[in-house]
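First up is the structure itself, then whatever we jot down about it.
The values are calculated or read from the model by the stated rules, or taken from the named source; none is laboratory data. Just so it is clear, the model here is predicted, and its values are computed rather than measured. Don't worry about glycine lacking a Cβ; one is built from the backbone with ideal geometry, like all the others, and counts go over all protein chains shown.
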Amino acid sequence: MEKRNRISTAQPWDPSTTRRQSQAQRSYIAHRTNKRSVLLLKLTFPISVYVRSIDERVKIPLLIETLREVFGELGNVVDVIAKKSVKRKGQAFVVYDSEESAQDAIDELQGFELFGKQIYLEFAKTRSDATVLKEDGDEGLEAHKTHRLAEKERKQAIEAANAKTVKRVAVEELAERPAKCTKSAQAGGVVPDEYLPPNKVLLLRDLPEDYGQAGLTAIFSRFPGFKEVRTAPARPDIAFVEYEDEAGASTAKEATGGMTLGDKAIRVTFQKQSLQADRLIDIYVSEMNSKTKPFRVQQVLLEQLSDYFNSALQANNFVESKEGRLNFPEDDLNAWRVLLHWMFTKTVPHWDKDDEIAIDEELQNLLIDCWVLGDKYQICAFQNEVMVELLWYYSWHIGEEETFKRGVELTSSASKLRRLMAEGIVEIMEADHPHSGLDQYDGMRFLEDYIRAKEQFDEDGDNHGFAQVVFGDESEGTLEKGPGGRWKDYLVGDTLPSRAWKWDLDEREWGF
């Protein structure tokens, strides 16, 4: 495929819809395999796909919504089944209306990274309710449910009989065993009580990543008044333990502070009453209002996202923290959708160079809006992920001057994105009429950016432009040069993009 082919008329990427996207957007969903999605013919009976290795901390409603959205790109999803019981955590069933759609999902999404973990797929070994209903009718469905319930009760009775003695012994041993503590953890790991008054909720920090909700429940449920353990999605290192009263929480805190789990000493403190880090914050963007369903995000995730949100939510003397609501009427709605999706998956819309079409102007504008949103709220990692996509795209395609101009309007002079936009404008002008049309940038403080880009253009000589992308050492998996200079020069701070990309010696292209 030759570089810089035509621009398509595909629709902008929208993670909230289940309609079919252009090939460019569908390649984002299947980016780990770089296989192309195709429209499928529907067969008669529904087929279930078994999905395992899902992050157990994800709430069931969010999991179902995400699975329906992602798997909906590969066919018509009849149903998504996920349960919150201990045995069912980390797995789900996605029911398609045809075997071909189910097969396509298995092929395209095998190993796809969802909520920070790779998922694995196979055909379900048993028929779903939707399949039974369509094949056997109402009577068959009723018999299917009755048989399933009887089988479940039989297995539960056997497991209860086998586990009763073992469980009693294990609990007694755990209650009698003293908690392991380290001197250094007790000395510096716990915040002094004089700054954190007692309350019924404990905040656990420095937890091992593989120590889940069940393990924490086994430890903290042995103290009086225990209610529940709450974990935070995308933050396996923290958790909240709630008791009926302060006395139970105090007892648990004294017994477990500095306890070693795995190879780490955990920190146990009272939760700051003004923080409420595990509560949900309502986010209203653009024209969204009280009659519109807001984006809902845990406060702890927003605080970890950037200093901006941390400052706004950390104390109750801010109106945002008191109301649990953030309003961003001037922000771009689609950019916020991408940001929230990135918070869980660490991925942004990606263009596959093997597609016959390029991403359209609106998707380029979406990436620009995403970078500007990250700049506004100091989310450097998000900015850099978006910047890598722009660098990758512009190394293959000449952008439109109107798109570059819009990027100039939305950025400040000498910013990283302004530099990229200026280099694109210089390349277009040099290919057409040098120095023509600069008056359209009056009032944007663009002249200095243009001069710097023009000097770089002249210095590069025959090797100028976005097409000259040279890769660095294979073991590091980094670019040595990007358009107009080192690729890292276009990134903000020291936070590198999380996308796994490498140097491919055979194809001499990026591997995702």
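Return the total of residues in region 94-108 being out of contact with any helix residue (DSSP H, G or I) (no Cβ under 8 Å at 6 or more places or on another chain) and buried (at least 19 other Cβ atoms within 10 Å of the Cβ). Please lay out each step first, then the result.
Of the residues in region 94-108, the ones out of contact with any helix residue (DSSP H, G or I) (no Cβ under 8 Å at 6 or more places or on another chain) are 97-100, 102-103, 106-107.
Imposing the further condition that a residue be buried (at least 19 other Cβ atoms within 10 Å of the Cβ) reduces the set to 97-98, 102.
The number of residues fulfilling the criteria is 3.
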* Does region 79-98 contain at least one residue that is free of Cβ contacts under 8 Å to residues at least 12 places away in the same chain and under 21 Å from the mean Cα position of the chain (by Cα)? -> no
* Would region 351-365 turn up any residue that is modelled with pLDDT of 90 or more and buried (at least 24 other Cβ atoms within 10 Å of the Cβ)? -> no
* Go through region 237-273 residue by residue and tally those that are within 25 Å of residue 56 (Cα to Cα), basic (Lys, Arg) and over 28 Å from the mean Cα position of the chain (by Cα). => 0
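Go through region 378-460 and tell me which helices (runs of 4 or more DSSP H), entirely inside it, have 2 or more residues that are assigned by TED's automatic domain parsing to the domain that holds residue 361 and in contact (Cβ under 8 Å) with a residue 40 or more places away in the chain.
Once the helices (runs of 4 or more DSSP H) in region 378-460 are filtered for at least 2 residues that are assigned by TED's automatic domain parsing to the domain that holds residue 361 and in contact (Cβ under 8 Å) with a residue 40 or more places away in the chain, what remains is 380-394, 401-410, 416-431.
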* Provide a single number: the residues in region 303-338 that are modelled with pLDDT of 85 or more, in a helix (DSSP H, G or I) and of a type in the set (A, V, I, L, M). => 4
* To do: Tell me, please, whether a residue that is part of a strand (DSSP E or B) and at pLDDT 90 or above can be found in region 205-220.
  => no
